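Report on the structure given below.
The values are calculated or read from the model by the stated rules, or taken from the named source; none is laboratory data. Quick caveat: nothing in here was measured; it's all calculated off a predicted structure. Cβ placement follows ideal geometry from the backbone for every residue including glycine, while neighbour counts extend to all protein chains displayed.
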Amino acid sequence: MNKMIKYILADILKNKIVIAYTLVLLVLSFSIFTFEDNATKGVLSLLNLLLFIVPLVSVIFSTIYLYNSSEFIELLVSQPLKRKSIWMSMFFGLASALCLAFLIGVGIPVLLFAAFTPGFILVGCGLILSIIFVSIALWAGVRIRDKAKGIGLAIMLWLYFALLFDALVLFMLFQFADYPIEKGMVAVSMLNPIDISRILVLLQVDISAMMGYTGAIFRNFFGTGMGMGITALVLLLWTLIPVWFSVRYFKTKDL
Amino acid sequence: MIHLDHISKKFGKFKALNNINLTFEKGECLALIGPNGCGKTTLIKSILGMVIPSEGNIQFDGKDIKNDWSYREKIGYMPQIGRYPENMTIGQVLNMMKDIRKVPENKLDLEVAELFEIDGLLDKKMSTLSGGTRQKVSACLAFMFDPKVLILDEPTAGLDPVSVELLKEKILREKAKNKLIIITSHVLSELDDLVTQVVYMFEGRVAFHKSLQQLKMDTGEGKLSKAIAHIMMNQQKQMHYQE
């Protein structure tokens, strides 16, 4: 399995898109941190950008890579190798390549300009989001045989997590404004890893004071050790569940 | 050595394989023949575990291949259309397979690579290769690890006449080593001096499984191609009567 990861990782790191992604992240982070005189404000601006870019690039790049390596996967399946380890190597290869790109592109500027808790939380969330969206891409890629449909599904999933989900939540908020739904909001936010990341970073900066009563509830929940433990567990489930389903499906897939 | 027990495979409503029972022993050289779309490649892919049968089980050396992967060490497979990572060179693909199979360098069988002069092409990217060269790489990989079982799906398609002869001679040498060889081909005249057994498939079923001698005796023809033509004609007549 290590050998397969080695080949896959070497192949991805040679890919021009990953190199471009790293450079774009680097340029974005450096320019934001040099324009903003306040590091906290810099982290917030960067957060809003990253929450769009990281999931988008992770999910779409992974799906396309998966379809482009269908020959490679077919070749490996006819060899004395476990299907599970072939698929997990794809997952680890993609996840570690994208995490590496993110660490270089965002980790280095954060270390230089914003080496304090919100900055580190931002980097941590970016890494977790990269892995989660690779995992989601694997699930989409294994279920759908047609390349165009598969990439379409990946884009739809990204659209859902990045935009539609928030619109739905906002809609619900207005509909049920007269009811005490603040605690429910914490639970609902767990359904979207992008929202969890946003809340985690926002709570680290003083801006959460401006979020009113809901902000206070969030602070009460995420501020405690218990709340953080649950959040970490939920993020872990978000990485494991899609990849687990995709492995289960891949084991009996006809190639 | 390989035993298929009541194998069926459905793709949606289409039955690609329908209740197949076959046993292959070592030392046999087997021709898998049938019209297009009769399930030959699906059958081969089921043996390799690339297609999972809907029903029935397959045994390799007495062990069920379901959830097993190590048995594939003993198989060399040459696919009908060799699909390789397009951005790798021939050399990289060969090295990767050696690395994955973990066979020491001195136990490799590089005869096919020498015959086809692959050494001069090592730096060529897979995406630039012609169908014939691709076929040569596939052949090279199938024979390289000296497997006990060789599964060759249309091995001569796309090869030039010289390479076809070289490959046939190589297959004969492997046959002499008491290996099991399974070949599918549409060029029946090529199979005549290679095979000992014939499996004829029709619409997902095994129409018959006979030794070549028996087949020739039954049909009264001296050549495999004639014998098969004889059978196909009879089949058509039968279908005609039924209608």
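Could you check region B:93-107 and list, in sequence order, the residues that are assigned to a helix (DSSP H, G or I) and either surrounded by fewer than 17 Cβ atoms within 10 Å (Cβ to Cβ) or facing chain A (nearest Cβ under 9 Å) (or both)? Answer for region B:93-107, where residues must be assigned to a helix (DSSP H, G or I) and either surrounded by fewer than 17 Cβ atoms within 10 Å (Cβ to Cβ) or facing chain A (nearest Cβ under 9 Å) (or both): B:VAL93, B:ASN95, B:MET96, B:MET97, B:LYS98, B:ASP99, B:ILE100, B:ARG101, B:GLU105, B:ASN106, B:LYS107. If we scan region A:52-61, do we find a residue that is modelled with pLDDT under 95, within 27 Å of A:LEU202 (Cβ to Cβ), hydroxyl-bearing (Ser, Thr, Tyr) and assigned to a helix (DSSP H, G or I)? Scanning region A:52-61 turns up no residue that is modelled with pLDDT under 95, within 27 Å of A:LEU202 (Cβ to Cβ), hydroxyl-bearing (Ser, Thr, Tyr) and assigned to a helix (DSSP H, G or I).
Just one of the listed residues (A:PHE35, A:PHE30, A:PHE91) is away from chain B (no Cβ under 13 Å), surrounded by fewer than 22 Cβ atoms within 10 Å (Cβ to Cβ) and in contact (Cβ under 8 Å) with a residue 24 or more places away in the chain, and it is A:PHE30. Only a single item in (1) at pLDDT 85 or above; (2) part of a loop (DSSP other than H, G, I, E, B) is not met by B:ASP218, and it is number (2).
Among the residues of region A:38-57, those that are without any contact (Cβ under 8 Å) to a residue 24 or more places away in the chain and either touching a Pro at 6+ places or on another chain (Cβ under 6 Å) or not small (Gly, Ala, Ser) (or both) comprise A:ASN38, A:LYS41, A:ASN48, A:LEU49. Screening the candidates B:GLY204, B:GLY220 for the property of being on the phi > 0 side of the Ramachandran plot and surrounded by fewer than 19 Cβ atoms within 10 Å (Cβ to Cβ) yields one hit, B:GLY220. Of all residues in region B:52-79, those satisfying the criterion of being within 7 Å of chain A (Cβ to nearest Cβ) and surrounded by fewer than 22 Cβ atoms within 10 Å (Cβ to Cβ) are B:ILE52, B:TRP69, B:SER70, B:GLU73.
Counting only helices (runs of 4 or more DSSP H) wholly contained in region A:125-238, the ones carrying 3 or more residues that are closer than 30 Å to A:SER89 by Cα occupy A:147-159, A:193-204. Every condition in (1) over 24 Å from B:ASN18 (Cβ atoms); (2) without any contact (Cβ under 8 Å) to a residue 24 or more places away in the chain; (3) in a helix (DSSP H, G or I); (4) not β-branched (Val, Ile, Thr) holds for B:ARG83 except the one numbered (3). Against the numbered list (1) more than 20 Å from B:ILE231 (Cα to Cα); (2) crowded, with 18+ Cβ neighbours inside 10 Å; (3) modelled with pLDDT under 90, B:GLU190 comes up short only at (1).
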